[in-house]
1. Given the residues Ala343, Ala318, Ala337, which is the only one that is in contact with a Ser or Thr (Cβ under 9 Å, 6 or more places away or on another chain) and either assigned to a helix (DSSP H, G or I) or within 21 Å of Ser62 (Cα to Cα) (or both)?
2. So Ile321 passes all but one of these: (1) at pLDDT below 95; (2) more than 27 Å from Leu9 (Cβ to Cβ). Which condition number does it fail?
3. Specify the residue that is surrounded by the fewest Cβ atoms within 10 Å (Cβ to Cβ); the eligible residues are those in the range 1-36 that are over 14 Å from Ile321 (Cα atoms) and of a type in the set (Gly, Ala, Ser).
4. Can you find even one residue in the range 126-144 that is part of a helix (DSSP H, G or I) and either at pLDDT below 95 or not assigned by TED's automatic domain parsing to the domain that holds Leu83 (or both)?
5. Among the helices (runs of 4 or more DSSP H) confined wholly to the range 177-295, which include 2 or more residues that are buried (at least 20 other Cβ atoms within 10 Å of the Cβ) and outside the structural domain of Glu154 (by TED's automatic domain parsing)?
6. So, Gly52, is that one in contact with a Gly (Cβ under 6 Å, 6 or more places away or on another chain), surrounded by 15 or more Cβ atoms within 10 Å (Cβ to Cβ), under 27 Å from Leu227 (Cα atoms) and modelled with pLDDT of 95 or more or not?
7. Are any residues in the range 91-109 over 17 Å from Ser156 (Cα atoms), surrounded by 19 or more Cβ atoms within 10 Å (Cβ to Cβ) and of a type outside the set (Lys, Arg), and if so, which ones?
8. Tally the residues that are surrounded by fewer than 19 Cβ atoms within 10 Å (Cβ to Cβ) and in a helix (DSSP H, G or I), restricting the search to the range 296-315.
Amino acid sequence: MTRSQLESLRAANALPHTLRYDQLAPYHVPFDELCGGRAVEGELAHWLAHRGRVALIGPSGSGKSSALAWVLAHRTPENLAILRIPIALADDDTVKTTAGFARHLIRRVIATARLGDGETGNLRNRAADTVRRGGDGRRRSHSFGLNVWMLKGELSRELMRSGDEFEEQISAGEVVEGLQRLVELFRARDTDPVLVLDDTDTWIARPHDRQPAQLADAFFARNVRMLASEIDCGFILAVHASYLDLAAYREIAPRLERIRIPQLGRPETDLARILTHRLEIAGLDVPLDQIFEPAALTVLANTYEDLPDVRRTIATAASAIRLALENDDLDRVTPAAVRAAAAEGTADGAGS
């Protein structure tokens, strides 16, 4: 491999590790393929279609959001309405009280309905395959999937008409009744809602602060309990591994279907497959051993074994390419470049 090809790989951003949620699905290599069986994506798809209340468990960077995004893009029945409810940046009232959470949920659903009603043409275009152009100029298509319910204009309009009534019901203390009425409104249109709360593990981003644990404990004690016990609706909830010790989680866990994100069983082989897939997404048909020396892949696998964080490992690989390019004598990534990239990431707090 020549340096110009290595430069093309970096220019194509072939190893992105800071992806938005709606970008994740095409880059994901299913754990069920890497590890065998159907313990992750297969289980998610099963419970998605059967109103399951799912705790998707794993540390930050393990692949929870990617696995979920892949399933939602590829394995979602058309009768489901996937309602993604961001919660990580919500205020304390939203996290700690059922009324605040219900109000936040309904406002998010109404906002999404308004988007579906007002931008139907754009949404239909997004429903088609999205085409990306790789570094070699060739085109690659990837289906991202779409919430089909957003194209049902009457459902969107009925949700918007009912928004004020939902808020009044919640303000009157009828939280469960208001949320159940929301569910029934979807079902009256032959659509089954599924709530997705995939970002609650970001509360742990401040490891020396007690607040993330307090937020998570309150959220499980009040809102997850309410959803699991009172609302006839499926949901998928990201659960950071550290939350497993919380009293509120332990109390509600028996009511949840628990799916654990596994560690890669063959790190060197599995990471090679993940990296190769990302090169394919970028349109770079270059064998991986022309980019990384074999020993460099071994070192990369060792960094994963030291800290099983796929996102961090991809970031290390991308940084190693940059460091290799800074050395005029290199035309492939060396073990030394991977070690330097890993040390750089540790110093910068990457993957924390």
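1. Numbers: Ala343 fails: in contact with a Ser or Thr (Cβ under 9 Å, 6 or more places away or on another chain); Ala318 fails: in contact with a Ser or Thr (Cβ under 9 Å, 6 or more places away or on another chain).
Exactly one residue qualifies, and that residue is Ala337.
2. (2)
3. In the first step, residues of the range 1-36 are kept if they are over 14 Å from Ile321 (Cα atoms); the result is 18-36.
Cutting the leftovers down to of a type in the set (Gly, Ala, Ser) gives us 25, 36.
Numbers: Ala25: 22, Gly36: 9.
Per the stated criteria, the residue is Gly36.
4. Initial filter on the range 126-144 (part of a helix (DSSP H, G or I)): 126-127.
Cutting the leftovers down to either at pLDDT below 95 or not assigned by TED's automatic domain parsing to the domain that holds Leu83 (or both) gives us 126-127.
Yes; the residues of the range 126-144 include at least one that is part of a helix (DSSP H, G or I) and either at pLDDT below 95 or not assigned by TED's automatic domain parsing to the domain that holds Leu83 (or both).
5. Values: elements: 211-218, 225-230, 247-252, 267-281.
Helices (runs of 4 or more DSSP H) meeting the threshold: 267-281.
6. Numbers: in contact with a Gly (Cβ under 6 Å, 6 or more places away or on another chain): yes; surrounded by 15 or more Cβ atoms within 10 Å (Cβ to Cβ): yes; under 27 Å from Leu227 (Cα atoms): yes; modelled with pLDDT of 95 or more: yes.
Yes; evaluated as a whole, the condition is true for this residue.
7. First, the residues of the range 91-109 that are over 17 Å from Ser156 (Cα atoms): 91-104.
So of that shortlist, the ones also surrounded by 19 or more Cβ atoms within 10 Å (Cβ to Cβ) come out as 94-95, 100-104.
Of everything in the range 91-109, those that are over 17 Å from Ser156 (Cα atoms), surrounded by 19 or more Cβ atoms within 10 Å (Cβ to Cβ) and of a type outside the set (Lys, Arg) turn out to be Thr94, Val95, Gly100, Phe101, Ala102, His104.
8. Of the residues in that region, 5 qualify.
The values are calculated or read from the model by the stated rules, or taken from the named source; none is laboratory data. These numbers come from a predicted model, not from an experiment. Note that each Cβ is placed from the backbone with ideal geometry, even for glycine, and that neighbours are counted across all protein chains shown.
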